[in-house]
1. Residues with amide H under 5 Å of W225's amide H, sequence separation 5 or more or different chain, H placed in the peptide plane at 1.01 Å from N; which?
2. Return an integer: the convex hull volume of the alpha-carbon atoms of the range 160-215, in Å³ per residue.
3. Too long at a 32 Å Cα-Cα cut-off: which of K9/K131; K78/K297; K170/K297; K9/K78?
4. For the residue pair V159 and Q173, what label-to-label distance in nm results when each label sits 7 Å from Cα along the Cα-to-beta-carbon direction?
5. I need C68, C181 ordered by Cβ neighbour count within 10 Å, fewest first.
6. When a footprinting reagent is the concern and you count Cβ atoms within 10 Å, what order do I25, I292 take, fewest first?
7. In nm, what is the difference between 0.36 nm times the number of residues separating A29 and V124 and their Cα-Cα distance?
Amino acid sequence: MDRMTAGVKDQQVNDRWAIYNADCIDILAGLPDNALHGSIYSPPFAGLYQYSSNDRDLSNARTYEEFCAHYAFVVREKFRATIPGRTSGVHAAPVPTGNTGRDGLRDFPGDVIRIHQAAGWEWVARHAIWKEPLAVRNRTMQKNLSHKTICDDGAMGGVASADELLIFRKPGQDAPVIHECGLINGYAGSEPIPAELLKFRGHEGDQKANRYSHWIWRRYASSVWDDIRLDRVLPFRYSRDEDDEAHVHPLQLDVIERYLDLRTLPGETVLTPFMGVGSEVYAAVQMGRRAIGAELKPSYFEQAIRNMAAVDDEKPAKEEALFDFEDAS
């Protein structure tokens, strides 16, 4: 994992990860065909936030249609670089069409699905990540998401829309993901594994008897993930520039770890093209994968370096008032 392109402004490369302060399309262009065993990331949520003033930043697209056209380049390059039969996990959510609190929603996850299908991906799964309505209201000040609104006019009441993890698979099957002893890495969620099941961890032989792995799999295979720990994220506060909107919030580690555990294996290579503060790279390396990440914004890249410095610690480094539930990828 060496320097891939002259477009790289900064980098940190070793035998476990390669992270770049660069446009992800430049990094993707430098990857050979069929090199990736998986990818997981949050793209910019079109029309919701502006992450930087860089004219190559997808969040600066002039229209929603322009955003989709540019994002399609990423999706096509990701397809080329992924091993047949392997997957990509994309975090998305519905976004409002305006900011009055009375506007409708745009089906951003649906458009992400259509962009992937047009590039040749198969859409194979959708996980909804539950959010608590009052916490969303207090965080976003969404005008239609308050008890007063439904008292005044229930027709104007809003919904705390679920985040979604969309799973896409490249057709073929060149490298199956084999779990000979089921799932053995513990459970990424708030619900504790029943103590009586621990003796089945790493069960060999007939996996029908592996009650430990079955318990985890039934939750990971659910269409609704209602016990994701929303505050289990990497440090991000010091990644903000002075003129940033207050929206920096990494993807929860529980979400990333579930994808990695189910759909990749130790030693394999995982990409995140919109790295942010490094959550996906961090989780991949902690779980024994090799990771490639690209981030256009220098302050996010610098925070990713700080986060990766703690990757071998039992827990990520902490910072004051870390969990303020501000929304972004």
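Every number in this text was worked out from the coordinates using simple rules, so none of it is lab data. Bear in mind the structure is a predicted one, so any value in this text is a computation, not a measurement. No Cβ is skipped: glycine too gets one built from the backbone with ideal geometry, and neighbour counts run over all protein chains shown.
1. A128, I129, W130
2. Convex hull volume per residue, Cα atoms: 131 Å³.
3. K9/K131
4. Placing both labels 7 Å beyond Cα along the Cβ direction yields 3.6 nm.
5. C181, C68
6. By the 10 Å Cβ count, ascending: I25, I292.
7. Between A29 and V124, full extension yields an extra 31.6 nm.
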